[in-house]
1. Using packing as a proxy for protection, rank 402-410, 310-318, 273-281 so that the peptide with the highest average count of other Cβ atoms within 10 Å comes first.
2. On a C-alpha basis, how far is the centre of the range 416-454 from the centre of the range 129-196 in Å? Whole number, if you could?
3. Using the per-residue mean of other Cβ atoms lying within 10 Å as a proxy for protection, in what order, highest first, do the peptides 335-344, 428-437 fall?
4. In nm, to one decimal, how far is the residue 332 label point from the residue 55 one, both placed 7 Å along Cα→Cβ?
5. Answer with a single label: of [x] 21.6, 68; [y] 28.6, 88; [z] 20.8, 63, which was calculated as Rg and Dmax of the Cα atoms in Å from the structure in view?
6. Before rounding to the nearest 500, sum -39500 (n - 2.57) across all DSSP H runs of length at least 4 in the chain and divide by the residue total; then give [θ] at 222 nm in deg cm²/dmol.
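Just so it is clear, none of the values below were taken in a lab; they were calculated from the coordinates. All of these numbers come straight from a predicted model, not from anything done at the bench. For neighbour counting, all protein chains shown are included, and Cβ atoms are generated from backbone atoms with ideal geometry for every residue, glycine included.
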């Protein structure tokens with residue numbers, strides 16, 4: 001799908017002054033401490049090293065809300081609604097439409113594109129609201145369709161990695177009158193979540209070994225309760241943010257237990273948003289830096305021990321502090337994405353080293369990609385970040401896979417369709433998946449098992465053990 005330029009202004013522009021005040025106050029008072037690393041026993045490290053994930057995974061990641069089309073009924077009613085539908089109805093999000101990239105009805109075209117590139121793994125997500133449009137009322141045909149998707153991937157020689165939740169909640173878990181009782185914190189959330197996981201995992205387990213209970217809960221919760229951008233769109237709600245982290249972690253652990261009960265050899269993966277942070281200006285006590293590191297690790301610290309693999313979603317590095325927060329997204333040039341994010345493959349290497357030391361678990365890069373219209377820049381980005389993974393593995397860090405975000409240009413939340421991450425685009429008339437030049441570069445990387453040259457910045461980071 002070609003990008004549709006949006007005139008929507010993300011809400012972080014209106015909330016930035018309050019967030020900057022919070023960052024500045026933290027930086028000056030030193031009220032935030034660095035998150036203490038968990039204790040890892042030698043037995044736990046030995047067990048982690050024995051986790052069998054097979055050959056290195058070369059994959060793509062996607063999500064249901066960003067890919068799947070919906071069929072509007074004759075009465076104009078949607079078959080299901082999510083909290084993001086409510087946000088769009090309130091005028092607080094870019095309209096998504098019901099077509100997106102047609103992956104619900106055209107999934108075979110996705111599989112064909114994956115095979116052309118040579119992907120060995122594909123991460124897709126389930127849409128909870130599609131499966132359970134009303135509390136306790138399940139759409140059996142929707143469940144069967146997801147099972148069929150995983151079966152078709154397996155038949156094509158592609159390992160399905162199923163994410164049970166990717167940012168969106170059914171609308172019946174959203175309380176417009178009391179946002180503090182929405183989503184993770186809705187009174188029915190725990191009960192309905194467990195019922196949902198118990199419903200879908202037994203159906204999927206014949207074809208699925210890899211399960212990710214949640215995608216980027218740390219990023220979603222920060223954006224929902226601190227930045228005011230995502231449902232329930234609260235700003236600087238520190239207490240609610242902390243409560244949501246605890247609730248989400250509890251539900252992750254509940255899902256992990258169900259998955260292991262249903263399929264003891266399952267691989268349970270975390271998927272966390274982990275940019276690389278360094279200390280910035282006006283942060284003399286390092287409290288702003290510590291706060292960003294808490295956003296990286298507070299959730300993961302609560303669930304790492306029930307994970308077989310730690311998933312790292314990495315896109316950029318940033319300095320922590322009021323000045324860099326003010327400039328986020330405003331940078332332009334060859335060293336930045338079209339979203340204004342710093343391109344820093346050395347940051348990925350450093351994050352791998354830090355996460356491996358902190359948790360002692362096998363890792364996969366579960367998302368990495370660039371929003372750009374420049375295919376030469378996209379190709380260079382892929383090669384340099386794969387090089388960072390390759391160097392990390394050569395240095396003894398236990399990285400088991402690399403997943404590109406994403407197969408197709410798609411709806412990118414509050415960016416709408418402006419941010420083009422895909423290695424392919426959808427033809428809007430035929431729905432065909434048209435591979436971009438970078439897709440063939442990724443195909444060559446997969447065939448070679450890596451890249452030929454390691455960037456100097458990555459080599460320099462590697463030498464600073």
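1. Details: 402-410: 25.7, 310-318: 23.4, 273-281: 19.7.
Highest-to-lowest ranking by the protection proxy: 402-410, 310-318, 273-281.
2. Distance between centres, Cα-based: 28 Å.
3. Working: 335-344: 18.7, 428-437: 14.3.
Put in order of decreasing packing, that is 335-344, 428-437.
4. The two pseudo-label positions are separated by 4.5 nm.
5. Among [x] 21.6, 68; [y] 28.6, 88; [z] 20.8, 63, the one derived from this structure is [z].
6. On the way: 16 runs with 196 residues, N = 465.
Taking each H run of at least 4 residues, the total per residue is -13000 deg cm²/dmol.
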